[in-house]
Amino acid sequence: MITNRAREYAADLAAADKGLPAFVYDLGALDEHAAAIRQALTVPGAPEIFYAAKANPDAPILRTLAPHVDGIEVASGGELEHVRRTLPEARIAFGGPGKTLDELKLALDLNVERIHVESPHELTRLATLARSYDRQVDIMLRVNLAGDRTGVALAMSGPFGMDPDTIEECRAILADSPQLRLRGIHAHLASGLDADAMVTQSREILDWARPWLDKAEVTNPEFNLGGGMAVDYADPNHRFDWQSYARQVATLGLPGETLRIEPGRAVSVYAGWYVTEVLDVKKAHGQWYAVLRGGTMHLRTPVTKQHDHPFTVIPQNGTGPSVTDEPVTLVGQLCTPKDVFARQVPTQHLAEGDIVTFAMSGAYGWNISHHDFLMHPKPGHHYLNDEES
Ligand SMILES: *Cc1c(COP(=O)(O)O)cnc(C)c1O
């Protein structure tokens, strides 16, 4: 659950004064993982891959991924500027609800390749703006299909994209807006799908979008099938089957069509560890607790997902309080009962001073966390094998 390189580095950090807590990213492991995904997607007809920056937009992560992806998907003006600065040549798709006029301007100024339009109002606003630019603007319309999403980790119900009735309003707006060139349909419907479920969903999107685009007379249509490829926090070794997905989805496309996906979590989650140490071990109301330095204000993932975050202990043979052969709940330093990384996990031995490394912290970890709550020191961020540092 931790690479040798990251493990050695974690031990060095623990030995250094004030080295913990810290995020350790193994860019070598990320490079290998991304190369394997890319390899799976070399099947003829397989989708292009745009990495969803919101999963982890750190510059060393983006630089490591760049050779293995076709582009980057951004969901705000902030991400857009950051990605353009970090990877000046990258192809960029810009999506997300509630784009402001300034963000749309930025998208045009920074030559975003595809803007994913989320509502008829946004389309009108973009059309008006595009009139003052002396070129065509390539867009995709984002659709949100009803469908049955039972069993997924997160269904994108809510204000994301347009339902099939609302998207009809776009036809008239487009007919009036020669600067806007409709290239295809974008759909990101759910997160947490395994390969077979993802193929089924991809087929659903294609079946709906093809006739829609046909009626709009779009030639060589594009279909962005979204992200949401499953990861398994209960079993970090159980990974999304990219080969199976690529092989199956490649058979769905027709000549002249371009398929595209935009995964985030399944790409970067395995490359990061939140490394910390046990400050105290104690029993309260019959249950054992290990109090760790830091907390979920650094790694909010287990709170948002309400799961036990996977971890590995690196024993340090301390002489402080310890627990043997008991279930232990791992908590942080926050004064709230919600500050829990993992609950009642059967544990051989855990002692004060032991190092704890939380795996699968490379996506939706630090960047979704409420860092300032309680004003504890910020963790370090270490990128192993970063060629630029
Ligand atoms: C968040 C998001 C993604 C990435 O989702 P993952 O679950 O990280 O793969 C892709 N597309 C859109 C539109 C998103 O909002």
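The values are calculated or read from the model by the stated rules, or taken from the named source; none is laboratory data. Computed from a predicted structure; not experimentally measured. Cβ sites come from the backbone with ideal geometry, for glycine too, and all protein chains shown count toward neighbours. We work out accessible area using only protein heavy atoms, side chains counted, and drop any ligands, DNA or RNA first. Shrake-Rupley method; radii C 1.70, N 1.55, O 1.52, S 1.80 Å.
Brief remarks follow.
- Residue match in the stretch 225-245 (condition: in contact (Cβ under 8 Å) with a residue 40 or more places away in the chain, crowded, with 18+ Cβ neighbours inside 10 Å and polar (S, T, N, Q)): no
- Ile72, sole failed condition from (1) part of a loop (DSSP other than H, G, I, E, B); (2) within 16 Å of the ligand (Cβ to nearest atom): (1)
- Single condition His370 does not satisfy, out of (1) within 19 Å of Ala55 (Cβ to Cβ); (2) open to solvent by less than 70 Å² (accessible area, probe 1.4 Å): (2)
- Filtered by the rule that a residue be open to solvent by 70 Å² or more (accessible area, probe 1.4 Å) and charged (D, E, K, R), the stretch 101-133 gives Asp102, Lys105, Asp109, Arg125, Arg131.
- Answer from Lys378, Lys282, Lys338, Lys305 - the residue that is open to solvent by less than 80 Å² (accessible area, probe 1.4 Å), of a type in the set (D, E, K, R) and not assigned by TED's automatic domain parsing to the domain that holds Ala230: Lys305
- Within the stretch 84-100, considering residues that are over 24 Å from Leu189 (Cβ atoms) and touching a helix residue (DSSP H, G or I) at 6+ places or on another chain (Cβ under 8 Å), the one surrounded by the fewest Cβ atoms within 10 Å (Cβ to Cβ): Thr100
- The single condition among (1) in a loop (DSSP other than H, G, I, E, B); (2) within 16 Å of the ligand (Cβ to nearest atom) that Asn367 does not meet is (1).
- For Arg63, the conditions (1) within 16 Å of the ligand (Cβ to nearest atom); (2) in a helix (DSSP H, G or I) all hold with the exception of (1).
- Residues of the stretch 174-192 satisfying the condition of being open to solvent by less than 70 Å² (accessible area, probe 1.4 Å) and over 22 Å from Phe94 (Cβ atoms): Gly192
- Put simply, of Leu259, Leu252 the only residue that is more than 28 Å from Leu330 (Cα to Cα), modelled with pLDDT of 95 or more, within 16 Å of the ligand (Cβ to nearest atom) and touching a strand residue (DSSP E or B) at 6+ places or on another chain (Cβ under 8 Å) is Leu259.
- Residue list for the stretch 10-52, filter: assigned to a loop (DSSP other than H, G, I, E, B) and open to solvent by 40 Å² or more (accessible area, probe 1.4 Å): Ala16, Asp17, Lys18, Thr42, Val43, Pro44, Gly45
- Every residue from the stretch 68-79 that is surrounded by fewer than 23 Cβ atoms within 10 Å (Cβ to Cβ) and either in contact (Cβ under 8 Å) with a residue 24 or more places away in the chain or assigned by TED's automatic domain parsing to the domain that holds Thr251 (or both): His68, Asp70, Gly71, Ser76, Gly77, Glu79
- Scanning the stretch 148-173 for residues that are outside any loop (DSSP other than H, G, I, E, B), more than 13 Å from the ligand (Cβ to nearest atom) and surrounded by fewer than 19 Cβ atoms within 10 Å (Cβ to Cβ) yields Thr166, Glu168, Glu169, Arg171, Ala172, Ile173.
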